[in-house]
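Q: My questions will all concern the structure given below.
The values are calculated or read from the model by the stated rules, or taken from the named source; none is laboratory data. As the structure is a computational prediction, the values presented were derived from the model and not from experiment. Methodologically, a virtual Cβ is constructed for each residue, glycine included, from the backbone with ideal geometry; neighbour enumeration extends over all protein chains shown. Remember, those area values only see protein heavy atoms, side chains included, never the ligands or the DNA or RNA. Shrake-Rupley method; radii C 1.70, N 1.55, O 1.52, S 1.80 Å.
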Amino acid sequence: ASSSKKGELRNGFWAKVHDQVRKDPNAVGFVDETTQRTVLHLTCLLLDPPDDENSTMNVIVALGAMVQSFPDAVAWKDKKGNVPLHYAICRTLRPPNKQPLARWRVRADA
């Protein structure tokens, strides 16, 4: 896919995240019992640097909505002692695949 197409897909994704947080703000308070990661941890684990200014704003709006819904997530330490920001800024802490999100979806839907 072209760079602009990827940007459109990412913008659509972040818009959906923001809409979902607005519809169900309590979902942001989910904490995985095994890893002690919050939805904000998982989001930061999977976060790719935005391509453009529009994408950046969509990410900021979605993350801001998450933080407003569950402010404790910002300082919440997972079992490894990491807060969400650690995963957002340090790529070496991120998993090589998208497995954490898949696990969260299964548990969130249960």
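Q: So, of the residues in region 31-55 that are over 10 Å from the mean Cα position of the chain (by Cα) and modelled with pLDDT of 85 or more, which turns out to be least open to solvent (accessible area, probe 1.4 Å)?
A: My answer is 32.
Q: Then there is this: Residues of region 69-86 being open to solvent by less than 70 Å² (accessible area, probe 1.4 Å) and under 10 Å from residue 38 (Cα atoms), which ones?
A: If the condition is that a residue be open to solvent by less than 70 Å² (accessible area, probe 1.4 Å) and under 10 Å from residue 38 (Cα atoms), then 70, 73, 78, 83, 84 are the ones that fit.
Q: In the set 97, 26, 58, which member is surrounded by 13 or more Cβ atoms within 10 Å (Cβ to Cβ) and either polar (S, T, N, Q) or modelled with pLDDT of 90 or more (or both)?
A: 58
Q: Any idea how many residues of region 1-23 are at pLDDT below 75 and exposed (fewer than 13 other Cβ atoms within 10 Å of the Cβ)?
A: 7
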